[in-house]
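> For reference, the structure I am asking about is given below.
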Amino acid sequence: MTPVLELKTVFKEFHGVAAIRGVDFTLMPGEVHSLLGENGAGKSTLTKIMAGVYEASSGEVLFDGKPRVFGSPAEALHNGIAMVFQETSLIPSLTVAQNIYLGNEKFLNRLRGIYIAAQQFLQSLNFGVDPTMYVSQLGAAQKQMVEIARAVHHKARVIIFDEPTATLTPEEKHHFFSLIKRLKRDGVSIIFISHALEEALEISDRITILRDGQHVVTDEASNFDRDTIISAMVGRTLSEELYSRDRKRTVRPYGRKVLSVQNLSMGKMVRNTSFSVYGGQITGIFGLIGSGRTETAKIISGVIKRDFFHGGEVRLEGRSVRYRVPRPAVKDGVVYVTEDRKIEGFFETKSIAENIYMNLLSADLNKRSVISHSEMMQLADEWTAKLNVKAIDANARVIELSGGNQQKVVIARSLVQLPKLIIFDEPTRGVDVGAIAELHRVINELADAGLAVVVISSYLPEILNLADRILVSRQGRIVEEFSVDEATEEKIMYAAVH
Amino acid sequence: MDIGKAFRLLNQERIVFLLTVLLFVVFSLTLNNFLAAGNLLSLVRSVAVLGILGLGMLIVVLGRGIDLSLVATMAISVAWAMQLVSQGMPVYAAMTSGLLFALGIALITGILVAYAEIPPLFATLAMATFIYGFGRAHMITGTDVVYMPKDMGWIVELGQGHFLGLPMPIVVAAAMALVVFLFLKYTKLGAFIYAIGDNLPASRIGGISVRPMLALQYVISGGIAFVAGIITATSVEAMNTRVVNSNMIYDVILVVVLGGVGLSGGRGNVRNVIVGTLLIGVLMNGMTIMDVQYTIQNVIKSLILLLAIVVDSIVNPRDEQTGQQGDI
């Protein structure tokens, strides 16, 4: 059987820096092939070469056994290679149906016709999305579904999924996996990029692991387990220290009450929620996407406003506060570390040092109106050392760093503001395994130093491993609290879903 | 490979700079009087006002805005101030009134953009029309042209005087460029303008007061417009308010964009504006000596702009790593 897609010693350079170094890869018809590796290992770059986003610097791409070069994603799509991007590539101002049919419209394109066709098509995929909705109104998971539907609709023979499950709820994941099985039965080849190793193990036929742009190993999925994958990914075994519940950990006691939230409400996202946060410990908040966790955190830190009437009350150290903008919150020592660092986390034209220094300036902590270069470099050196940011030097631009190092810079930006209460929203999203351990260490140290720390996460092992007490959010409200001793994955998930 | 490396070092600013040098050399060799000291001074002098306005535009563009009301603010505030002098108001009081008018109107623009969240393109376009209409209807009586009163005192020197042999407009433009450079590079407020232009939500979460900063950008550019107006009026001893209806504002945008300032915000500095201004200066001067028609001059200017942007996009292709929403 000839492979659908074959890469032979492919190299790819960006500005003289090799991102992919001589990788071989084969994709057989009807197989699910997982591509694993740390952030920056070259998974995305490799798949983008297949999908025509990038052109390989050297090496060959064979499609159906013939050498092909796709000049654009559109050309690749036309030939049957579809890519479902990490960042959604849908057009927000068009409806779901229009997006699905984008590029496939008939000359006379009747909306009613495509709505009916799209409705049937989405139903056949078991996707509960209304085809007449505008994409801008959809949540992340629904956008993902539309994106998948579009790829399937284009009768793609190869579909590349880049982190498809990161934004899906368990139920939606279940749908997604059954869809993958169906596609596979129809002879579609699937490339699956994920950080969730269990998913990759469950669903793949074969697994390829990349490290630093090089091919490490390709083998049948049944020959792998979690630990062998991780050790191949990072070149060392650290699965044990990460996410192991066997390790006896001491639960930090309750400190003074730093934050108390009563009956907080904001539209339909946050409904009458109440909870407290204490100093010197980590409060974990678990909830599914759309359960109002992020919105609650953003209201507390002034990023968005609560309802004007019946909006409830937020007390910081006993004092009632109402922040209209983040600035007074920052000055009071309440900082929010965003879940979406590319959009609202850092300045992409600026260096690591400038990024960190900017937040010192904006918090008015150095009481000066003229910039001091030496102060900036000193601050940057101090924090890159503390958080172990890996970069050539502090003058490197943040956009050039890997996900984990970007996240460390974003955290450093918050920490220079000397917070009393720090809220981490999905602190390890899109971060490689090696960096997760370091980020967890940093978060633990903050709590040990007496800060009130909140960690919002939809990854259960992370919450169980980090938190000293666990709050569960559902439909805009904190519905349950667990101590570490009584919490199990099942109990937490039950509370989050029912 | 060396050529490839050198090629990669090119960016829009450098391309425009090289183009300026190239044109300069070509004009020096082919045109008789081009290299004469008098001509070079008049070359720079002719674009001094454009350069000053470019600095105002730079500050707004860095914060991801655009100010189309610059020329209107410049013309009406200065024309009104001079008319107040003619009507008998003391010079300093009149000039202060003019400056306060420019700053006040710019503050309104800033509030419209920052607090009412009207896109800067529309807010400043509407304000430009408003300033001109209101100014002509209620502030400036008589014809379109307000002549400079006789008793302006030392202020006249700003347009006509010399400092160390250099015409004052050049000196003022250079001083303004230095001030804006120091402001953007070394002050906290300057850093905030870059930050907001780069990433507004991140600036906001970081604790920068985004809205006052946005308003401040327009106030600064309004003040700069007033200075540019004073230079214009004192150079030619009159302010023709019809300049508002000319394509001067496009020239201001041209020098900013030509020099390589990113219209999507956060990218660019004073050097870009200087380079863009000088290219336009050399080009206009050379073409004037060659007696090229005004309409043809416009065609050539626009072709140069397109060329610079095209070459830049070939040499520095935008990919998803470097691209930004709203990039041009």
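> Would you calculate, for the protein assembly as shown, the mean residue ellipticity at 222 nm contributed by helices, counting each DSSP H stretch of 4 or more residues as -39,500 (n - 2.57) and dividing by all residues, to the nearest 500?
Counting only the DSSP helices, I get -15000 deg cm²/dmol.
> Would you tally the net charge around residue A:201, using a Cβ to Cβ cut-off of less than 9 Å, leaving residue A:201 out, and scoring K and R as +1, D and E as -1?
-3
> Figure the gain on full extension for residue A:214 and residue A:178 (residue separation times 0.36 nm, minus the Cα-Cα span) and round it to one decimal in nm.
Separation in residues times 0.36 nm, less the Cα-Cα distance, equals 9.8 nm.
> Springs between alpha-carbon atoms under 10 Å, Gaussian network over chain B: tell me which of B:65, B:104, B:266 tops the mean-square fluctuations.
B:104
> Using alpha carbons only, how many angstrom separate the centre of region B:238-289 from the centre of region A:320-341?
Cα centroid of region B:238-289 versus Cα centroid of region A:320-341: 41 Å apart.
> Provide A:408, A:8 in ascending order of the number of other Cβ atoms located within 10 Å of each residue's Cβ, fewest first.
With the sparsest Cβ surroundings first, the list reads A:8, A:408.
> Determine one quarter of the surface area of the Cα convex hull of region A:5-234, which equals its mean projected area, and express it in nm² to one decimal.
If I average the Cα hull's projected area over directions, I get 12.6 nm².
> Follow-up. Lys and Arg at +1, Asp and Glu at -1: add these up for the other residues within a Cβ distance under 15 Å of residue B:95 and post the number.
My count for the surroundings of residue B:95 gives -2.
> Sort B:143, A:338, B:109 by Cβ crowding within 10 Å, fewest neighbours at the top.
Ascending number of Cβ neighbours within 10 Å: B:143, A:338, B:109.
> Starting from the Cα coordinates of chain A, work out the convex hull volume and express it per residue in Å³.
Cα-based convex hull of chain A, divided per residue, equals 165 Å³.
> Follow-up question, since we're still on this one. Take chain B, connect every pair of alpha-carbon atoms lying under 10 Å apart with a spring to form a Gaussian network, then pick out the residue of B:175, B:228, B:202 with the largest mean-square fluctuation.
Answer for the Gaussian network model of chain B: B:202.
> On full extension of the chain, what length is gained from residue A:104 through residue A:399, given 0.36 nm per residue of separation minus the C-alpha to C-alpha distance?
Using 0.36 nm per residue and subtracting the Cα-Cα distance, I get 102.7 nm.
> Also, I was wondering about something else. Which FRET efficiency value, to the nearest 0.05, is calculated for residue A:479 and residue A:8 with the Förster distance at 56 angstrom and r the Cβ-Cβ distance?
So the FRET efficiency works out to roughly 0.55.
> Which of the lysines could a cross-linker bridge to residue A:342, judged by Cα under 22 Å and excluding same-chain residues fewer than eight apart?
A:43, A:48, A:143, A:298, A:350, A:390, A:408
> Among B:238, B:101, B:35, which residue has its Cα furthest toward the positive end of the charge dipole of region B:12-313, with +1 on Lys/Arg Cβ and -1 on Asp/Glu Cβ?
Of the options given, the answer is B:101.
> Once the Cβ-Cβ distance between residue B:25 and residue A:490 is put in as r, and R0 is 56 Å, what FRET efficiency do you end up with, to the nearest 0.05?
It comes to 0.10.
> What's the FRET efficiency of residue B:92 with residue B:250 using the Cβ-Cβ distance as r and R₀ = 25 Å, to the nearest 0.05?
Working from the Cβ atoms, E equals 0.15.
> Between residue B:154 and residue B:309, what is the label-to-label distance in nm when each label sits 7 Å out along the Cα-to-Cβ direction?
In this crude label model, residue B:154 to residue B:309 measures out at 4.4 nm.
> Further, regarding this structure: Give me the inter-chain shielding for A:342-355: mean count of other chain Cβ atoms within 10 Å, whole number please.
Average per residue, whole number: 5.
> Pick out which of B:314, B:111, B:280 has the largest mean-square fluctuation in a Gaussian network model of chain B, springs linking Cα atoms closer than 10 Å.
Comparing B:314, B:111, B:280 in a Gaussian network model of chain B, the most mobile one is B:314.
> I need A:101, B:186 ordered by Cβ neighbour count within 10 Å, fewest first.
Ranked by crowding around the Cβ, least crowded first: B:186, A:101.
> Now for a different question. Starting from 0 in steps of 10 Å, tell me what percent of the Cα-Cα pairs of chain B lands in each bin.
6, 25, 33, 25, 10, 2, 0, 0
> Mind checking A:371-384 for the average number of partner chain beta-carbons within 10 Å of each residue's beta-carbon?
So the per-residue partner count for this stretch is 1.
Rule-based calculations on the coordinates, nothing more; no lab input. Predicted, not measured: the structure shown is a model, and the values here were computed from it. Cβ: placed from backbone, ideal geometry, glycine included. Neighbour counts: every protein chain shown.
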